[in-house]
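What follows is calculated from the coordinates using simple rules that are stated; it is not laboratory data. If you're wondering where the values come from, they're calculated on a predicted model, not measured in any experiment. Virtual Cβ from ideal backbone geometry, glycine too; neighbours counted across all protein chains shown.
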Amino acid sequence: MVKVRQDAWSHEDDLLLAETVLRHIREGSTQLNAFDEVGDKLNRTSAACGFRWNAEVRTKYDSAIDLAKRQRKEKKRAMSSTFKQTRVPTLSLPPVFEENKSEVEEENTFVMVEPPTINLDMVIQYLRELKKDYHASNQSKSTLETIKKENSMLQSKVSELEKQLSNTEEQLVSIQEDYQTFIQIMDRARKMTVLNDKGSNTSPAFRMDKNGNLEQLIQGSN
């Protein structure tokens, strides 16, 4: 899984990085191993840890680094002394040979040389990660802008539908009023027809005045 972190380094992250690097120096390990260990703990790449160490953290721990290196040398001396004391000599050598042997041992003593703390590959990898983070940030901004536009369009559509609903409700009220008026007119006409049937066999004539009311016409009049 590719490690990708977009957040900044916190004080706790820097402290963990410094403690881990100093411990590896004291134990005779390399700083690259320290960067790998911190990267696993913080879910960052070793290149990012190395870049952070050399760019920001290292200058704050110069004295601690010197102390860790001295402790590493003292530890090597102690281990070498212990090894010499426990070794059982098999034969006695002439003094001249002993001196030559000591010189050879000093020349063959393993000296741990720290590799470069930063190289071109680490810088390139770090810049690539920054590029990925930059593209991911731009994509998030573009998605946010699209969502905002869609939200604005939906709000406009809701406002338009609310206006249409209001107009429809007004039309429905008007239709209901017209219907009630029509029912009243028909009811009046029915009642007048019943009354005229009782008084005469002739069919009454009606007309509607300007106010919408029905009135019976007197027979024989124009």
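Observations, loosely collected:
- Taken along the Cα-to-beta-carbon direction at a fixed 7 Å, the label points for TYR134 and LYS163 span 4.6 nm.
- Between GLU27 and VAL123, the modelled label-to-label distance comes to 3.1 nm, taking each label 7 Å out from Cα in the direction of the beta carbon.
- Applying 1/(1 + (r/R0)^6) with r as the Cβ-Cβ distance of ILE183 and LEU154 and R0 = 35 angstrom yields a FRET efficiency of 0.25.
- With Cα atoms defining each centre, the stretch 139-168 and the stretch 1-67 are spaced 49 Å apart in the structure.
- Global geometry of the stretch 29-79, whether rounded, prolate or oblate, following the gyration tensor of its Cα atoms and the 1.5 cut on a/c: oblate
- Here the Karplus curve 6.51 cos²θ - 1.76 cosθ + 1.60, taken at θ = phi - 60°, turns the phi angles of the stretch 178-184 into couplings of 4, 5, 5, 4, 5, 5, 4 Hz, with x standing for Gly and Pro.
- FRET efficiency for the pair THR146 and ILE175, taken as 1/(1 + (r/R0)^6) with r the Cβ-Cβ distance and R0 = 25 Å, rounds to 0.05.
- Per-pair calculated FRET efficiency, R0 = 22 Å: LYS69 and ASP40 via Cβ, rounded to 0.05: 0.35
- Put simply, when 50-62, 31-43, 181-193 are sorted by average Cβ atoms within 10 angstrom per residue, most first, you get 31-43, 50-62, 181-193.
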